[in-house]
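Colleague: I'd like to ask some things about the structure below.
Quick note: the coordinates plus some simple rules give every number you see, no bench work behind them. Since the structure is predicted, the reported quantities are computational estimates derived from the model, not experimental observations. Glycine also receives a Cβ, built like all others from the backbone with ideal geometry; neighbour counts cover every protein chain displayed.
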Amino acid sequence: MTDRPILMFDSGIGGLTVLREARVLMPDRRFVYVADDAAFPYGGWEEPALKQRILDLFADLLERFKPELSVIPCNTASTLVIEAIRERFPGHPFVGTVPAIKPAAERTRSGLVSVLATPGTVKRQYTRDLITQWASKCHVRLVGSHKLAALAETYMREGFVDEQVVAEEIAPCFVEQDGRRTDIVVLACTHYPFLVNRMRKTAPWPVDWIDPAEAIARRALSLLDGSQATRAVEPDLAVFTSGKADFATRRLMQGFGLTV
Ligand code: DGL
C-alpha cells in the first residue's frame with residue numbers, strides 16, 4: 001500500500017491533457033501536478049540552461065513530494081532531460097514522452113507525416129534520431145510553432161482563441177507532393193490537444209491528429225507494477241513554480257479537481 005503521489009510535470013497547463021487520461025486509468029492514485037510557469041514557454045530556451053533548471057527543480061520536487069513515480073509528458077522537457085534525469089536520480093522511475101513518430105510512420109498511407117511541436121522539440125537531436133530510426137521511408141515535416149502553446153494557455157483560461165492564428169500556425173503541416181497529401185499530424189506538445197477541434201476546423205483538409213496522452217498514461221500505469229494505493233485522503237495538488245496562480249488559473253485547476 002502506498003500513499004505516495006504520482007508527480008506530473010509540464011512547463012504549463014499542457015500536461016493536464018495527460019492528467020485526465022491518467023486519472024481514468026489510475027483512479028485510486030493521488031496526483032501532484034507541477035507547472036513550471038515561471039519558465040514558460042520552454043520552446044524558446046537554450047538547451048543547457050533549461051536542462052539544468054529542470055534537474056534542479058526535480059531535486060526539490062522529489063524531496064518535497066516523495067512521489068512513487070514521475071511523469072514528464074512535456075515533449076520539450078522530456079526530449080531534453082529524460083536521459084540525464086534518470087542518471088541523476090537512479091532508483092526513481094520516470095515516464096517520459098517522445099514525439100509519436102513511430103506510430104505515425106506505421107499508420108500513414110500517403111507517406112507524408114507532419115510533427116507539430118515547439119521550436120525546442122523540433123531542433124532536438126532526439127527528435128531527428130526518431131525520424132531516422134522509425135520513419136526513414138516517410139517524408140516527415142517538422143513544424144515548430146512559436147504561438148500555439150501560449151494560445152492554448154489563454155484558451156483554457158479565457159475560452160478565447162484566434163482561429164486565424166491557429167490556421168496560420170498549422171498551415172506548414174499540410175504538404176502536397178506528387179499527388180499525395182499529408183494524412184497524419186503528430187501533436188508533439190501537451191498543449192496542442194486542447195486546440196485540436198480548432199485545428200480540425202481550420203485545417204485545409206482532414207488528417208489524423210495523433211495525441212499520445214493515453215499512451216503516456218498507460219506507460220505510467222504499467223510501471224506501478226500492481227502496487228495498491230491507500231485511497232488518498234489528501235487532495236490532488238497543482239503547484240506553480242511562479243507561486244502566483246491568478247484567479248483564472250485557480251479556477252481552471254479546480255475544474256480539473258486540483259487544489260492550488
Ligand atoms: N508543453 C510543452 C510540450 O509538450 C511545451 C510548451 C512550452 O513550454 O513551450 O512540448
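Colleague: Applying the Karplus parametrisation 6.51 cos²θ - 1.76 cosθ + 1.60 with θ = phi - 60° to the phi angles of region 214-227, what ³J(HN,Hα) value in whole Hz is obtained for each residue in order, glycine and proline being reported as x?
Modeller: The phi angles translate into 5, 4, 5, 5, 5, 4, 4, 4, 5, 7, 6, 6, x, 5 Hz.
Colleague: Moving on. Using per-residue counts of other Cβ atoms within 10 Å, averaged over each peptide, order 134-143, 251-260 from highest down. Spell out each step's value before the answer.
Modeller: Details: 134-143: 17.1, 251-260: 14.9.
Ranked from most to least packed, the peptides come out as 134-143, 251-260.
Colleague: Contour minus end-to-end for Arg250 and Lys137, with contour as 0.36 nm per residue of separation and end-to-end as the Cα-Cα distance? Intermediate values should be presented prior to the final figure.
Modeller: Values: separation 113, 0.36 × 113 = 40.68 nm, distance 4.59 nm.
Here the answer is 36.1 nm.
Colleague: OK, next. State, in angstrom, two size descriptors of the chain derived from its alpha carbons: Rg to one decimal place and Dmax to the nearest whole number.
Modeller: When restricted to the Cα atoms of the chain, Rg and Dmax are 18.1, 59 Å.
Colleague: Follow-up. Taking 0.36 nm per residue of sequence separation and subtracting the Cα-Cα distance, how much length would be gained by fully extending the chain between Phe89 and Arg181, in nm to one decimal?
Modeller: Length difference between fully extended and current span is 28.7 nm.
Colleague: Computed FRET efficiency, Cβ-Cβ of Arg157 and Glu214, R0 35 Å: what is it to the nearest 0.05? The partial results should precede the final answer.
Modeller: Numbers: r = 25 Å, r/R0 = 0.70.
Using R0 = 35 Å, I get an efficiency of 0.90.
Colleague: Right, something else. Got a sec to turn the phi values of region 163-177 into Karplus ³J(HN,Hα) couplings, 6.51 cos²θ - 1.76 cosθ + 1.60 with θ = phi - 60°, whole Hz, x for Gly and Pro?
Modeller: For region 163-177, the Karplus-derived couplings read 5, 4, 5, 4, 4, 5, 5, 8, 3, x, 6, 9, 10, 10, 8 Hz, x marking Gly and Pro.
Colleague: Return a whole-number percent for the relative contact order of the chain, with Cα pairs under 8 Å and 6 or more residues apart as the contact set. Show your work: numbers first, answer last.
Modeller: Numbers: 476 pairs, mean separation 73.1, N = 260.
Worked out over the chain, it gives 28 percent.
Colleague: Tell me which residues come under 5 Å, amide H to amide H, from Asp208 once H is placed; ignore anything under 5 positions away on its chain.
Modeller: Ile184, Val185
Colleague: Among Ala77, Leu7, Val143, whose Cα sits farthest toward the positive end of the charge dipole of the chain (+1 at Cβ of Lys/Arg, -1 at Cβ of Asp/Glu, about the Cα centre)?
Modeller: About the Cα centre, the residue reaching furthest to the positive side is Val143.
Colleague: Give the residue from Thr230, Val98, Val207 lying farthest towards the positive end of the charge dipole for the chain; charges sit on Cβ (+1 for Lys and Arg, -1 for Asp and Glu) and the dipole is referred to the Cα centre.
Modeller: With unit charges placed on the Cβ atoms, the residue in question is Val207.
Colleague: Tell me, Kirkwood radius of region 80-207 from alpha-carbon pair distances, in Å? Let's see the in-between values first.
Modeller: On the way: mean 1/r = 0.0639 Å⁻¹.
The answer is 15.7 Å.
Colleague: On to the next question. For region 1-74, just run the numbers: alpha carbon Rg, then divide by 2.2 N^0.38 Å, N being how many residues it has. If you can, show how the numbers build up before the last one.
Modeller: Numbers: Rg = 12.9 Å, N = 74, 2.2 N^0.38 = 11.3 Å.
Its radius of gyration relative to the 2.2 N^0.38 Å reference: 1.14.
Colleague: Here's a follow-up. In degrees from 0 to 90, rounded to the nearest 10, what is the angle of the helix 47-65 Cα long axis to the longest principal axis of the chain?
Modeller: Result, in degrees: 30.
Colleague: Also: When DSSP assigns beta bridges and you keep just the ones with both residues in the chain, what percent turn out antiparallel, to the nearest 5? Mind dumping the intermediate values first?
Modeller: Details: 2 of 31 bridges.
Roughly 5 percent of the DSSP beta bridges within the chain come out antiparallel.
Colleague: Can you list the residues, at least 5 places off or on another chain, whose amide H is less than 5 Å from the amide H of Val71, using H built in the peptide plane?
Modeller: It is Leu7, Met8, Phe9, Val95, by chain and number.
Colleague: Mean projection of the alpha-carbon convex hull of region 67-113 over all orientations, in nm²?
Modeller: Numbers: hull surface 16.4 nm².
Taking the Cα atoms of region 67-113, their convex hull projects to 4.1 nm² on average.
Colleague: Can you give the angle from 0 to 90° between the axis of helix 148-158 and the longest principal axis of the chain, with both taken from C-alpha atoms, to the nearest 10?
Modeller: 60 degrees
Colleague: Also, quick follow-up: For the peptides 31-42, 209-220, what is the packing order when you average, over each peptide's residues, the other Cβ atoms within 10 Å and list the highest mean first? Please list the in-between numbers first.
Modeller: Numbers: 31-42: 21.8, 209-220: 19.6.
Ranking the peptides 31-42, 209-220 by packing returns 31-42, 209-220.
Colleague: Spelling out what I want: for every residue of region 118-128, take phi, set θ = phi - 60°, compute 6.51 cos²θ - 1.76 cosθ + 1.60 (Karplus), and round to whole Hz; glycine and proline get x.
Modeller: Taking θ as phi minus 60°, the curve returns 7, x, x, 5, 5, 8, 5, 4, 3, 5, 5 Hz for region 118-128.
Colleague: Then there's this: Over what distance in Å are the Cα centres of region 28-103 and region 155-204 separated?
Modeller: Centre-to-centre distance over Cα atoms comes out at 26 Å.
Colleague: Treat each spin label as a single point 7 Å out from the Cα along the C-beta direction, and report the Lys147 to Lys201 distance in nm.
Modeller: 1.6 nm
Colleague: In the structure displayed, which of Lys51/Lys137; Lys51/Lys201; Lys102/Lys201; Lys102/Lys147; Lys66/Lys102 lie more than 29 Å apart, Cα to Cα?
Modeller: Details: Lys51/Lys137 32 Å; Lys51/Lys201 36 Å; Lys102/Lys201 26 Å; Lys102/Lys147 26 Å; Lys66/Lys102 33 Å.
Cα-Cα > 29 Å for Lys51/Lys137; Lys51/Lys201; Lys66/Lys102; rest within.
Colleague: Which residues' amide hydrogens lie under 5 Å from the amide hydrogen of Val239, considering only partners 5 or more residues apart or on another chain, with H built in the peptide plane?
Modeller: Result for Val239 returns Tyr33, Val34, Ala35.
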